[in-house]
Structure formats: C-alpha cells, structure tokens
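This report concerns only the one structure given below.
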Amino acid sequence: MSTEAMAPPSTKSQVLRSFDVADFARVTGLEEEWRFTPIKRLGELITAAAVTGAAPSVEHGDLPPGVSIKDVESVEEILTPFDRVSALAYGSAAGVTLIDVAAETTLDEPLLIRLVGKGAEAAAARAFVRVGAFAKVTLVLEQVGVATLADNIEVTLGDSAQLTFVTLAEWDAGSVQAQHVKFRVGRDARVSHVQVALGGDLIRQFTSVEYAGRGGDAQLWGLYFADTGQHFEHRQLVDHGVPDCRSYVGYRGALQGASAHTVWVGDVLIRAAATGTDTYEINRNLILTDGARADSVPNLEIETGEVAGAGHASATGRFDDEQLFYLMARGIPEQEARKLVVRGFFAELINKIPVEELRERLGDAIEARLAKVDS
C-alpha cells in the first residue's frame, strides 16, 4: 500500500493506521505531526525498515502474589501504529514483555521495574501491561542507561480496575527515544499516568487513550525539564468514543540553556457517540534562560454538543517578577527565591508520584539543574 499520494486526514479519527512500516510515507519533517521534531537526530528510528540492536533489559525484585512478568512471543494488540516509528517498534521487537496483574489484586506497595539500555545501536522494544478487573496497583517504570530506542507500551485495564502508572525517562546523555504509550480503559476503570522526562538527548513520547466502557477515567500528568541541547516532545491523543467518560491532561515543563526545546501537543477527540464526556487539558512552561524554546499546541475536536465539559489552556512564560519581588522583599536571596518558584511550579505534579524516594530524587535532580544556572 502506497501513501505518497494520500491526502492528509481531515480529522484525528482518519489518520492512517498500520503495522507495516512500508505503509507510511518517508518522513520529511514538513508533516504536521513531525514539524517540531529534529528528525535527523532520530537517525535509523525514522529511516530504517527494521532495527536489530539489543533491547533494554528488564530488572525487578521479588514479585508480589497476583503479579507476573515474563517474555512472550505475542499478545493481543490494543495499539495499531499510526506513525512510522511505532510501526518500526512493532515489527522489529523480538518479543513482548508482559506485565500481568490478576483480577482483584490489590498491592499495598508500588511495583518497581527498571529498563536498562544496552547501547547506542538502534533497537526496538514492546511491553504490555494487563490489569485485571477490580485490581488496584501502582507501577513505576524507570528507563535508564544508553539507548537509541523505538518502543511501544500497551496498557489495558479491566472493568473497575485502578492503575497509577509512573514512567521516568532518565536516560544517559546522548540517548534517543521515540515511544508510544497506549491505554485502553475499561468500564468504570481509572488510570493516572505520570510521565517524567529528564535525561537523554531527544525524547519523543506519544500517549493515546481509548475507552472500552462507560465511566472510564484517564488522568495524564507530565513533568519535564529540558537542559542545554535537549529536545523533549510530548503528544497526547485522548479518543472519547464512549459515553460518560472523563479525561484530564496536565503537563508542566521548565527549560534552560541554549537550544533547549520542548514540545507539547494535546489532542482530544470527542466522537458523536461520546455524549456526557468531561475533559480538560492544560500545559504550562517556565523558561528560565535565553536561548530556550517551548512550543505548546492544545486541540479539541468535538463531534457532539452533548458534553458535560470540554476545555483547554496553555501558558508559556518566564519567572513571575512579582513572585520574585515578594520573596526577595522578605530577605530571601534571588537565587534561593528562583528555586522556590520552580519548586512550587512542579510541586503539584511531583506529589502525584506515590513513591517518597522517587519524589525526593526528582526534587534533587531539579535542584541540581537549577544550580547549574546559578553557577
């Protein structure tokens, strides 16, 4: 199937979906979905028909009852790729890491999993998280090491399941990742996804949500801090196709240093059948130095007038001079006042992470970056 002559889709519901890389046209960087991305830095992830590098290893401790992690050859697909890199991950991954949480399982402690990159050779990986009906679990996925990685993470929630899913991209310098996270939310199920990006050279993360029954609730939170030369790009597509479901998207980022670049594109589609939908999305960016750039694009596509609520907002700016003046007028030095403002900016999102050690670590990482500017 050739796509060279295809007209661009007029709605998000009409985009090309295929498991075959060959079905997607060559990416030029002029396409709407790629215009912010420095595609040359993606290397083989955007040009190759297949990649053969070693996928990150999966590390974890003892598993609690009701939870299993194993490598399998295949699983049911809930994600049909709608870009070239996601199709590459599907076709090139040697297998699937299946994280299975049995129905009615309740975990008192978070389940911690580490993905450790094995080198700069282009690689692909797939993971599948299956949370059974009425289960309640917190899963933390840390991504570290060196990697050039195209990967898909598929997450399905049974009816009335509750999942808090934290993904941390803390790759070593020089790493490149293009990731797609797909959620399928069952009837009366609830997912809270906290997506953190701090490390790596180029991180492009696409998160999509679909609903499998009434009463589903998806909350997507994001925190990113781009330093000199880093490119962090976050895109969401929340597809409301079922009545009486909810979604909230809230991403916040800070930028400092020459050529630091962040991109946030939030798409919400409310189909004609999705009456009673309640949705809101917001992105805020704080630019700390000259030479940094933040792009922010919220989009709503509504096909029915019978919604409970739908809105979006976006704001990008520098430090609030009034806040700084207020703190400094009370004897707080300027550098410390700036740190307090940034801490407050990120506090809400850091507090969404239900792991104290991880909250402290992220706070320390943000402090360390702010110290670079002060010095």
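The values are calculated or read from the model by the stated rules, or taken from the named source; none is laboratory data. Treat the numbers as computed from the prediction; the structure is a model and nothing was measured. With ideal geometry, Cβ positions are generated from the backbone for all residues, glycine too; neighbour counts draw on all protein chains shown.
Results, tabulated for the structure shown:
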{"item": "So Lys339, is it touching a helix residue (DSSP H, G or I) at 6+ places or on another chain (Cβ under 6 Å) and outside the structural domain of Val297 (by TED's automatic domain parsing)", "result": "yes"}
{"item": "Hits in the range 288-310 (condition: of a type in the set (Val, Ile, Thr), under 8 Å from Ile270 (Cβ atoms) and in a strand (DSSP E or B))", "result": "Ile302"}
{"item": "Pairs, first free of Cβ contacts under 8 Å to residues at least 40 places away in the same chain in the range 18-29, second exposed (fewer than 14 other Cβ atoms within 10 Å of the Cβ) and basic (Lys, Arg), C-beta under 8 Å, six or more apart", "result": "Gly29/Arg35"}
{"item": "Out of Asp62, Asp100, sole residue that is of a type outside the set (Gly, Ala, Ser) and either outside the structural domain of Ser175 (by TED's automatic domain parsing) or outside any strand (DSSP E or B) (or both)", "result": "Asp62"}
{"item": "Filtered residues of the range 21-52 (kept if touching a Gly at 6+ places or on another chain (Cβ under 7 Å) and not β-branched (Val, Ile, Thr))", "result": "Arg35, Ala50"}
{"item": "Subset of the range 221-249 (residues that are hydroxyl-bearing (Ser, Thr, Tyr) and assigned to a strand (DSSP E or B))", "result": "Tyr224, Ser247, Tyr248"}
{"item": "Scan of the range 40-56 for residues that are among the aliphatic types (A, V, I, L, M) and in contact with a Lys or Arg (Cβ under 8 Å, 6 or more places away or on another chain), ordered by number", "result": "Leu42, Ile46, Ala54, Ala55"}
{"item": "Selection status of Leu349, modelled with pLDDT of 90 or more, surrounded by 13 or more Cβ atoms within 10 Å (Cβ to Cβ) and in a helix (DSSP H, G or I)", "result": "yes"}
{"item": "Enumeration of residues in the range 91-118 that are under 30 Å from Thr47 (Cα atoms), in contact with a strand residue (DSSP E or B) (Cβ under 6 Å, 6 or more places away or on another chain) and not hydrophobic (A, V, I, L, M, F, W, C)", "result": "Ser92, Gly95, Thr97, Arg114, Gly117"}
{"item": "Every residue from the range 222-250 that is among the aromatic types (Phe, Trp, Tyr) and surrounded by fewer than 24 Cβ atoms within 10 Å (Cβ to Cβ)", "result": "Tyr248"}
